[in-house]
Amino acid sequence: MRIIIAFITVIMTVFSVNAQNVELGLWGGVSLYSGDFDSDVLGDYFKTLEPAGGILLRLNPSDPLSVEFGVNLGKISGEDGVTNNNEFRNLNFRSKISEFSLKFNWNFLRLGNPRGTEVVPYLLAGGSVFHFNPEASFDGNWIELQPLGTEAQGVPGYKDPYSLTAFSVLMGGGLKFIISQKMTIGLEFAGRMTNTDYLDDVTSDEVNYLDVLSNGSLAASISNPNIKDTEAQNVIYKRGGPFKDWFYMGGISFSFAFGGGDGVNSKGIGCPTF
């Protein structure tokens, strides 16, 4: 809800200053996860594909530069033995993603006729703030993981429970088809380098099973399903690797120019049109 309110605030600000060369649109596509449920096989990455989409507000202050605000919704997931070959660990997760993003697009080339159709490849960079909430399937139910402390979060000597709000650095690129300077069809794919390793609730932290068990038998069972409480005797283990998690979003967008400007085209200095 906060993300939607922030986006509405941006739209109201744009209208309050009578902005020109503005586009409003929708996009739909997929989200993709990279983290502790990764596989060494490239094709397995596509097993984590989930639906995604959102709304965008794009400002075009000059030909080579676009500034884009977006509210994006997606989902990420992973499962041992499905998205990787780590069947022994026997873990799984899913998480919904709600994101507010700010992107700067460098339109480094324009091909075509400004009065007809232009093809514009671009590179992008920016940042986002997003909310996530990992869950695991256990005994036929989906269980929220952060409150459990599956890596002994909250236990003396361990980290505090992690935040469900995080930040990311965006990087990627795309291709825009600008039709009569009023409608834009875009293809885009961008990665999110996050500042958290908890998208999947799995990190490289070393834990003692008995310490996790102090957070409850459910936390311990989900943390390491291969250990039974009656067998637990100071078993120490790591569930994941040292790198922070990434996620990606990409798809096709449709946007329309409005306001008192020249449509998507502006009077800035950019690459020549051929």
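Report yes if some residue within segment 101-121 is buried (at least 16 other Cβ atoms within 10 Å of the Cβ) and aromatic (Phe, Trp, Tyr); otherwise report no.
Checking segment 101-121: not a single residue is buried (at least 16 other Cβ atoms within 10 Å of the Cβ) and aromatic (Phe, Trp, Tyr).
Kindly indicate which of Ser221, Ser253, Ser217 is at pLDDT below 95, in contact with a Lys or Arg (Cβ under 9 Å, 6 or more places away or on another chain) and of a type in the set (S, T, N, Q).
Answer to the selection: Ser221.
Would a scan of segment 136-145 turn up a residue that is touching a residue at least 12 places away in the same chain (Cβ under 8 Å) and touching a Pro at 6+ places or on another chain (Cβ under 8 Å)?
There is at least one residue in segment 136-145 that is touching a residue at least 12 places away in the same chain (Cβ under 8 Å) and touching a Pro at 6+ places or on another chain (Cβ under 8 Å).
Residues in segment 115-134: is at least one at pLDDT 95 or above, touching a strand residue (DSSP E or B) at 6+ places or on another chain (Cβ under 9 Å) and farther than 30 Å from Glu23 by Cβ?
yes
List the strands (runs of 3 or more DSSP E) that sit entirely inside segment 143-261 and contain at least 3 residues that are within 28 Å of the chain's Cα centre (by Cα) and under 19 Å from Ser101 (Cα atoms).
Correct list: 165-179, 183-194, 246-258.
In contact with a Ser or Thr (Cβ under 7 Å, 6 or more places away or on another chain) and either surrounded by 14 or more Cβ atoms within 10 Å (Cβ to Cβ) or under 27 Å from Trp246 (Cβ atoms) (or both): does that describe Thr184?
Taking the combined requirement at face value, the residue satisfies it.
The values are calculated or read from the model by the stated rules, or taken from the named source; none is laboratory data. These numbers come from a predicted model, not from an experiment. No Cβ is skipped: glycine too gets one built from the backbone with ideal geometry, and neighbour counts run over all protein chains shown.
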